[in-house]
């Protein structure tokens, strides 16, 4: 899985999306995980600079596929990454929390306490998704969950 995620994330192997979606479907079915309490899937956003460098957004690709699979809308207009932090993968665990602090900003306030499911490829320390969840909650989200392909 480590090798596949690196290829997907850093080497333009976006065709792995199908494999990852099949793995997600199997996992959710096998463990009878119900996600119907969530009204929107929100991928962890990239900065425009990182998006230009990579050429694609792996979390968005996953979120769009999961949206089709789960019949939950993918919302890319809710939150943005407002600062260019150093890549989390290049930092030790402790520094990841300070590096990502304040990195996300809501584009609009949620009036109806929507439950949001964050979608990411990999959960390492939880710093990025914790910071994103904090911004979502401050912006009016109800419950915030996470669906990641892998955990290290």
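The values are calculated or read from the model by the stated rules, or taken from the named source; none is laboratory data. Quick caveat: nothing in here was measured; it's all calculated off a predicted structure. As a convention, Cβ positions derive from the backbone with ideal geometry for all residues, glycine included, and neighbour counts pool all protein chains shown.
Restricting segment 79-92 to residues that are modelled with pLDDT of 90 or more and out of contact with any helix residue (DSSP H, G or I) (no Cβ under 8 Å at 6 or more places or on another chain) leaves a set whose member that is surrounded by the fewest Cβ atoms within 10 Å (Cβ to Cβ) is 80. Take the conditions (1) modelled with pLDDT of 95 or more; (2) surrounded by fewer than 16 Cβ atoms within 10 Å (Cβ to Cβ); (3) closer than 23 Å to residue 152 by Cα; residue 95 misses just one of them, which is (1).
For residue 36, the conditions (1) outside any helix (DSSP H, G or I); (2) at pLDDT 95 or above all hold with the exception of (2). Residue 132 meets the conditions (1) part of a loop (DSSP other than H, G, I, E, B); (2) in contact (Cβ under 8 Å) with a residue 40 or more places away in the chain in every case but one. The failed one is (1).
Looking at (1) modelled with pLDDT of 95 or more; (2) surrounded by 18 or more Cβ atoms within 10 Å (Cβ to Cβ), which is the one condition that is false for residue 100? Unmet for residue 100, out of (1) modelled with pLDDT of 95 or more; (2) surrounded by 18 or more Cβ atoms within 10 Å (Cβ to Cβ): (1). Total residues in segment 31-50 satisfying the condition of being touching a helix residue (DSSP H, G or I) at 6+ places or on another chain (Cβ under 9 Å), free of Cβ contacts under 8 Å to residues at least 40 places away in the same chain and more than 16 Å from residue 133 (Cα to Cα): the figure is 3.
Every condition in (1) surrounded by fewer than 16 Cβ atoms within 10 Å (Cβ to Cβ); (2) touching a strand residue (DSSP E or B) at 6+ places or on another chain (Cβ under 8 Å) holds for residue 48 except the one numbered (2). For segment 85-122, the tally of residues that are under 20 Å from residue 50 (Cα atoms) and part of a strand (DSSP E or B) stands at 8.
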